[in-house]
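Trainee: Got a structure for you, written out below as structure tokens; questions coming shortly.
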Amino acid sequence: MYIAIEGIDTAGKSTQISKLSEYFPHAIITKEPGATKVGEKIRDIVLSASANSKKAEFLLFLADRAEHMQEVIEPNLDKMIISDRSAVSGVAYALIQGEINKKDLVELNNFATNNNYPKKVFLLRLTKEELEYRLSQKELDGIELRGSEYLLKIQDAIIKATELLGLELVEIDATDSIQEITNNIINNIEDSND
């Protein structure tokens with residue numbers, strides 16, 4: 001089963017993926033962008049926020065996604081795959097930019113992914129207050145420096161992106177305890193496997 005843990009920066013994706021990797025020790029743990037050698041370079045470019053063109057930024061994400069699909073996802077579709085972000089994030093960021101129409105967004109992602117998407121998308125959802133508190137506790141990267149309003153728009157866009165791509169979305173309150181969130185995800189995965 002291929003699942004994605006989605007959420008804006010500081011939502012707790014890394015923490016949950018670490019917990020899930022203990023529960024599913026044989027799972028393939030991956031991330032987007034940056035899970036491949038090419039992807040690491042693309043991730044550095046994107047996080048530096050050095051691309052002036054939003055279309056260029058979107059195409060960088062697509063290039064990473066195609067490489068990730070070929071090197072990591074497709075060879076392991078018979079296994080449990082847990083991904084930190086997925087095509088959903090790429091579509092969400094592109095929706096915020098508003099420079100690419102929805103039909104093209106879907107078609108370009110279908111092309112990059114060979115129509116392989118997560119079976120379930122788990123969104124760790126943050127309130128504005130909690131997001132601002134968490135941002136105040138860390139050094140911010142190029143994306144986080146765009147501010148809480150921008151990040152909250154992305155959170156809403158993640159929901160729209162799952163709808164556009166026709167994926168199953170499970171929303172989880174990211175302010176719950178770490179263990180409650182983990183249990184919620186595990187129970188949802190196991191219910192799917194019954």
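Trainee: Calculate for the chain the 222 nm mean residue ellipticity that helices alone would give, adding -39,500 (n - 2.57) per DSSP H run of length 4 or more and normalising by residue count, nearest 500 deg cm²/dmol. If you can, show how the numbers build up before the last one.
Mentor: Numbers: 8 runs with 103 residues, N = 194.
Computed ellipticity for the chain at 222 nm equals -17000 deg cm²/dmol.
Trainee: Please find, in a Gaussian network model of the chain (springs between Cα atoms separated by less than 10 Å), the residue of Tyr23, Tyr150, Tyr117 whose mean-square fluctuation is greatest.
Mentor: In the Gaussian network model the winner is Tyr23.
Trainee: With no solvent and one point per C-alpha, what does the Debye sum give as log10 I(q)/I(0) for the chain at q = 0.11, 0.19 Å⁻¹?
Mentor: Here the Debye-derived log intensity ratios amount to -0.46, -1.50.
Trainee: Please name which of Leu167, Ile189, Gln179 has its Cα lying farthest along the dipole of the chain towards the positive end, using unit charges on Cβ (Lys, Arg +1; Asp, Glu -1) and the Cα centre as origin.
Mentor: Leu167
Trainee: While we're on this one: Can you put Ser21, Ser86 in order, fewest other beta carbons within 10 Å first? Can you show the working numbers first?
Mentor: On the way: Ser21 15, Ser86 30.
With the fewest neighbours first, Ser21, Ser86 line up as Ser21, Ser86.
Trainee: Take every Cα pair under 8 Å in the range 2-193 that's 6+ residues apart, average their separations, divide by the length, and report that relative contact order as a whole percent. Intermediate values should be presented prior to the final figure.
Mentor: Details: 275 pairs, mean separation 62.1, N = 192.
After rounding, I find 32 percent.
Trainee: What ranking of Thr10, Thr175 emerges when the number of other C-beta atoms within 10 Å of each C-beta is taken as an exposure proxy, fewest first? Let's see the in-between values first.
Mentor: Numbers: Thr10 23, Thr175 17.
Least to most surrounded, the residues fall as Thr175, Thr10.
FYI, it's all coordinate maths here, none of it is from the lab. These numbers were taken from a predicted model, which means no experiment stands behind them. Please note: Cβ atoms are built from the backbone with ideal geometry, for glycine as well, and neighbour counts cover all protein chains shown.
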